[in-house]
Every structure is written in C-alpha cells, then in structure tokens.
Amino acid sequence: MSFTRRQVLTGLAGLGVLGLAGGGARYWLARPAATTTHDYELIAAPLDVELVPGHQTRAWAYGGQAPGLELRARQGERLRVRFINRLEVPSTIHWHGIRLPLAMDGVPYVSQLPVLPGEYFDYDFVVPDAGSFWYHPHTASGEQLGRGLVGPLIVEEREPSGFRHERTLSLKSWHVDEQGAFGDFSVPREAARGGTAGRLSTVNGAHAPTLELPAGQVVRLRLLNLDNTLTYRLNLPQAEARIYALDGNPVAPQPLGQEYWLGPGMRIELALRVPEAGTELALRNGPLRLATLKSVASQEPAGDWPPALPANPVAEPDLVGAETQRFNFEWTGAVSVNLAQGAAHSFWQINGQAWDIADKRCAERPIATLKQGHSYILELRNLSQYQHPIHLHGMSFKVLDSNRRAITPYFTDTYLLGKQETARVALVADNPGTWMFHCHVIDHMETGLMAAIAVV
Ligand code: C2O
Ligand code: CU
Ligand code: CU
C-alpha cells in the first residue's frame, strides 16, 4: 500500500488550532442542531500532571488530559477527529474495538503513515456498535501509552438505554517513582514474563479517588482497562452490581460475583445499585483499593435495573460451515541475547513467528488469510505460563468455549487467554484489510506477540 503525506500544519493559523501546551479538544466545526456527525479536534501534547502529590510528571496528553479526553458519539453516526500531533515524536490513533475501514485503523505503514510532529490526520468513520471503547497510538506503544496517550471512546445507544446516570472509570497504572519521574516502560526480564507493571495505580488519573454517586440510583459504571500490563482482578465487596456489557458488547445482565479479571484493553460495564447516602464501597483490584464509591443524597425517585442493552449488529458466524485456524502463543528465546543497536528483543511468537516492531514490512507476511464473507473458528492456544489478552482489530469475534472455564458465548474484541488455556472463538471475516492480531500486554506485543490477519 502507498500513502501520501499531505496533511501538514502550516504554523498556527489554519483551522483555528487551539491550545499548544496541552490545550483543550473542542468541536472544530460548528455543530448543526440535527447533526449526525461528532466532530473533535484532538491535540496530543506534553502536559505536566500531579500523579504523586507535590511532584510534577511530564505526561503526554490527549485534549489536555491524561488519560485523554472522553470522546462520545452515537451508534450508527459518524465520528470525525482531527488528530493534531504536538508531540516531538510520530504517532497515530487506533480506535480499539471499533469496526471500521482499514484506512482509519491507525496502524503505521498498514493503515497510514505515522503522523509527524506538527502534522495532523483526519479520522472519519461511522461507529456501528454501541459500547465502551478506547483509543491509543500504535507507534512506540510502550512509551506512548505509558506516558498517558490512552482515552475512552463512548458510543451511546441509538435509543435511551434506561440508565439515567453513568460514570467512566479509566484504569491505568504509571511507571513512575516516588518523585513522579518516569522509569522504564519495558524491562526485558519482565517483558519475557508477565510484562512490566507500573507502580502507581490511578482511576481517571488520580490515585485512589473518591467518586460520589447518587444514593438509590442504578448507575452505569464503564470500567476501562487502559493499562499497558495489569490484569485487574475487579471486585466490589458488599455491592449490588450486575454485568451489562463486556468489551463493548451487551450480555444478559448477571451478578458481578466475586471477581472479574479485566485484562489490558478490556472493558466491563456494570450497573450498580447505589446504597443509602453516606455509604462507602471499595472498588478493588484483588485486595487493593482502586477507588472509593461514596453515595450522596439524591432527590430523584429510586431507580431500578434497566433492561438488557440491545445487541450490536455483529454478524453471527456459521459454526457448521466454519473453517478452523489454529494459533499457538508461545514463549521463546533467552533474556540474555546480545542485541544489535536498535533491534528489538524477541521473547514471544505466534505459530513460530515473532513480530519485529522495527520491520515496517511484517504486515506483508500475514499469519493467516481469510476469505471475505466466510466464517472461521480461531483456536487460540496458550503454551506459556503467562496470560495474554488477545486482541483483534477490525472485527469482533464470538468466544465459544475454553478448556479451562465455562463460557457463555459472547462477542468481544479482546479475550484474556489464561496460562496453558485453549479457547475457541469464531467470526465472520466481513471486513477486508490487514488486521493486527496481538497480545495487549504492551511489552509482549513489542517483543514478538503480534501478527497480521488478512481478509481478502
Ligand atoms: Cu488496543 Cu492494536 O490495539
Ligand atoms: Cu485494537
Ligand atoms: Cu501477552
């Protein structure tokens, strides 16, 4: 594929560009009343944030926030984002979980050229599915996501969902020390194991915040794992909470239960019945408190559980006619390899192939080629002792079964494949293009655990 690089900003005059140092994102065209487009101007720029009290951290922000500005659109409508790169490094935006045309997918040299400092790129696509999604670069991901370039993208249902209240909770840990200074985003000996974890956990950019919720109401909580590495073992002791959607797709409402493992890139939507005023609930990762949910008095009449959310228009795979493709995820190689200058470590492979992030041409050698319109079962086999949140771009897939747990089939874009687990997922290859297929533990992805799947 060839690309042209036309979109270069000339000075600050053009297009009412606002806010050099972090600036705000704003609608960049007047928004007519009956619009069906959602227009944003989104600037990526360095921003000082106070993650550790009394210390400044030089983060990288979208729309003057890290995690980035929450973008919103409505199902079936058009989202247009002018992405303006005011960083000192090339970048792109990938729209995690959104089924869109390849040219909008944000993968450098596959979808588009990297957006250089001072350039902009117009993303413009229809959002077919309602749910909680997110956006992030696909360039130097360890550092760029690590410094804060992650943000929520909420697609509202076509019709009111029945929830009157909702909150988005972006979960992210930061690779900072006690003074708020960044350390390594990826350490080889960690990349070769579970991934390099950040030290400081945050919700919406604050460590262990208190969030106020209206007593007596049923609130939709959108929990997004925007972390490079961590699988959150989410629990909400003593809470009355039900699961309404997983990774942007509705499920039959069901109790949250003891704990839900939310891997990197994954999302869960809960309905929480907020207890009487003054009550505090702990949202936790295992035994660690992520946030305090505090109920405050509300004048509104008490709310009730809304009905299930309407299904998204994802094609149902034909399991009888489906062809099976097998993918083995394995650990390879020693940590002590001597690397040439600039070369990337390689610890992981899919079917014996390691992705090389320094090689722009990897995507020309897809690991599988699917025929457009046909159904496929992908058998995902984890031969390692570490879990991998396996993510596919461009298409949603249905999780069918696993040799390790009982599965009620559901659609997703990311499946947390446990150690030594084999799971089967199915899809209709209905989106032509070359789609990244990778582990969302960022340093696994950057040390080999990525491939391209072609749909032709
Ligand atoms: Cu969040 Cu390549 O994905
Ligand atoms: Cu993605
Ligand atoms: Cu992994």
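Just so it is clear, none of the values below were taken in a lab; they were calculated from the coordinates. From a predicted model like this one, the values you see are computed outputs, not experimental measurements. All Cβ positions, even for glycine, are placed from backbone atoms using ideal geometry, and neighbour counts span all protein chains on display.
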The size of the Cβ-based charge dipole (Lys, Arg +1; Asp, Glu -1) of the range 323-455 about the Cα centre, to the nearest 20 debye, is 240
Quick calc: nm separation of the 7 Å Cα→Cβ label points for Asp177 and Thr369 -> 5.1
Treating only Lys and Arg (+1) and Asp and Glu (-1) as charged, each at its beta carbon, one finds that the chain has a dipole about its Cα centre, in Debye to the nearest 20, of 140
Taking 0.36 nm per residue of separation between Ala103 and His55 and subtracting their Cα-Cα distance, the length gained on full extension comes to 13.2 nm
Non-local residues with an amide H under 5 Å from the amide H of Gly151, with H modelled 1.01 Å from N and Pro and chain starts lacking one, are Gly68, Tyr135
Between Ala358 and Glu88, Cβ-based FRET efficiency (R0 25 Å, step 0.05) works out to 0.80
Farthest towards the positive end of the dipole of the range 227-308, among Leu293, Gly263, Gly248 and with Cβ unit charges of +1 on Lys and Arg and -1 on Asp and Glu, lies the Cα of Gly263
Heads up, the range 323-455 by the C-alpha gyration tensor (a ≥ b ≥ c square roots of eigenvalues; a/c under 1.5 rounded, else a/b over b/c prolate, else oblate) looks oblate
Under 5 Å from the placed amide H of Tyr40, counting only residues 5+ away or on other chains, we find Trp28, Arg80, Val81, Arg82
Along the dipole axis of the chain (charges at Cβ: +1 for Lys and Arg, -1 for Asp and Glu; origin at the Cα centre), the most positive-end residue among Gly278, Pro313, Val155 is Pro313
Residue separation between Glu259 and Arg289 times 0.36 nm, minus their alpha-carbon distance, gives in nm 9.4 nm
Computed about the Cα centre, the charge dipole of the range 66-188 from +1 Lys/Arg and -1 Asp/Glu charges at the Cβ has a magnitude in debye, to the nearest 20, of 340
Looking only at aspartates and glutamates whose Cα falls under 19 Å of Lys419's and that sit 8 or more positions away or on another chain, we get Glu190, Glu259, Glu330, Glu379, Asp401, Asp443
The summed charge of the Ala215 Cβ neighbourhood (under 13 Å; Lys/Arg +1, Asp/Glu -1) stands at -3
Taking r as the C-beta separation of Asp318 and Leu383 and R0 as 41 Å, the FRET efficiency to the nearest 0.05 is 0.90
Stretched fully, the stretch from Ala311 through Arg189 gains (0.36 nm per residue minus C-alpha distance, one decimal, in nm) 39.7 nm
Farthest towards the positive end of the dipole of the chain, among Ile43, Leu230, Trp331 and with Cβ unit charges of +1 on Lys and Arg and -1 on Asp and Glu, lies the Cα of Trp331
GluC sites (Glu not before Pro) in the range 145-237 lying in a DSSP loop, each with at most 14 other Cβ atoms within 10 Å of its Cβ, come to Glu178
Here, Asp48 and Glu159, labelled 7 Å along Cα→Cβ, have an inter-label distance in nm of 5.2
Residue-ordered couplings for the range 208-222, obtained by feeding phi - 60° into the Karplus form 6.51 cos²θ - 1.76 cosθ + 1.60 and rounding to whole Hz (Gly and Pro as x), are 6, x, 9, 10, 8, 10, x, 4, x, 9, 9, 10, 7, 9, 9
